[in-house]
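For reference, the structure is listed below as structure tokens.
The values are calculated or read from the model by the stated rules, or taken from the named source; none is laboratory data. Here the structure is a predicted model, which means the values were calculated and not measured. Positions of Cβ are backbone-derived with ideal geometry, glycine not excepted, and every protein chain shown enters the neighbour counts.
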Amino acid sequence: MEFLELVRQRQSVRKYTDRPISRGLIDKCIEAARLAPSANNSQPWSFIIIDDETQKNQLCDRAFSGVYQSNLFVKKAPVVIVVLTEPKQIAARIGGWFRNVEYHRIDVGIACEHLILQAEELGIGTCWLGWFNEKAVKKTLELPGSAKVDIIISMGYPADDRIREKKRKTLNEVRKYL
């Protein structure tokens with residue numbers, strides 16, 4: 001599949017079949033993320049993959065309760081990936097401080113997009129989530145208080161294979177040649 005077709009086809013999936021995803025395919029997606037570029041090669045990410053039904057349900061019940069319950073659909077996904085942001089590399093942090101840019105957040109975004117596009121190529125649907133109870137996630141996974149969880153990604157085979165129309169600005173609205 002050509003890259004632009006892959007990007008046109010990719011969409012957030014919120015309804016999944018119960019078909020499991022092999023760890024080999026999950027690892028292929030994580031490998032795509034691992035190979036992403038990052039400021040000063042800092043690689044400020046790690047991934048916790050939850051594919052055990054009991055652990056996934058426990059995490060989802062806590063992470064997506066109360067004001068976050070709109071994302072409780074994640075509980076139906078066979079796999080949940082918790083993405084940790086780890087801004088350790090001092091050169092990237094100093095450069096970011098001078099430019100007022102949090103490069104580690106950009107880097108993690110690039111890595112997650114690599115993961116999501118690899119999943120799409122494999123026929124696996126995903127949904128990138130930023131609306132969840134981070135404290136509950138850290139407590140459930142027994143992460144230290146200093147851990148930063150910016151993103152959760154749900155993964156599964158889509159229950160519906162229709163591609164929705166993308167509502168995007170036109171090319172002329174986002175492009176300007178000089």
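Contact map, the range 154-178: residues that are among the β-branched types (V, I, T) paired with residues that are surrounded by 10 or more Cβ atoms within 10 Å (Cβ to Cβ), Cβ distance under 7 Å, separation 6+ or inter-chain. Pairs shown: I163/Q9; I163/Q11. In the range 27-40, of all residues being more than 16 Å from I152 (Cα to Cα), within 14 Å of the chain's Cα centre (by Cα) and of a type in the set (A, V, I, L, M, F, W, C), the one that is surrounded by the most Cβ atoms within 10 Å (Cβ to Cβ) corresponds to A32. When G24 is tested against (1) part of a loop (DSSP other than H, G, I, E, B); (2) at pLDDT 95 or above; (3) surrounded by fewer than 16 Cβ atoms within 10 Å (Cβ to Cβ), just one condition goes unmet, and that condition is (1). Residue count for the range 1-14 under the criterion of being loosely packed, with under 13 Cβ neighbours inside 10 Å and not in a helix (DSSP H, G or I): the result is 3. Taking R19 as the residue in question, decide whether it is charged (D, E, K, R) and not in a helix (DSSP H, G or I). Against the criterion (charged (D, E, K, R) and not in a helix (DSSP H, G or I)), R19 qualifies. Is it fair to say I110 is at pLDDT 95 or above, surrounded by fewer than 19 Cβ atoms within 10 Å (Cβ to Cβ), among the β-branched types (V, I, T) and within 13 Å of the chain's Cα centre (by Cα)? Answer is yes for this residue. For the range 115-153, residues that are in contact (Cβ under 8 Å) with a residue 60 or more places away in the chain, hydrophobic (A, V, I, L, M, F, W, C) and not in a strand (DSSP E or B) total 12.
Of the residues making up the range 41-85, those that are within 19 Å of E113 (Cα to Cα) and either more than 15 Å from the chain's Cα centre (by Cα) or of a type in the set (S, T, N, Q) (or both) are N41, S42, Q43, S46, T85.
Conditions tested, residue by residue: (1) out of contact with any Lys or Arg (no Cβ under 8 Å at 6 or more places or on another chain); (2) surrounded by 15 or more Cβ atoms within 10 Å (Cβ to Cβ); (3) modelled with pLDDT under 95; (4) not hydroxyl-bearing (S, T, Y).
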site: F47; (1), (2), (3), (4): yes, yes, no, yes
site: L59; (1), (2), (3), (4): yes, yes, no, yes
site: A63; (1), (2), (3), (4): yes, yes, no, yes
site: E86; (1), (2), (3), (4): no, yes, yes, yes
site: I94; (1), (2), (3), (4): yes, no, yes, yes
site: H104; (1), (2), (3), (4): no, yes, yes, yes
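Filter the range 138-176 for residues that are among the polar types (S, T, N, Q) and loosely packed, with under 10 Cβ neighbours inside 10 Å; which is nearest to the chain's Cα centre (by Cα)?
S146
Each residue in the range 154-175 was checked for being in a loop (DSSP other than H, G, I, E, B) and of a type in the set (G, A, S), and 1 of them qualify.
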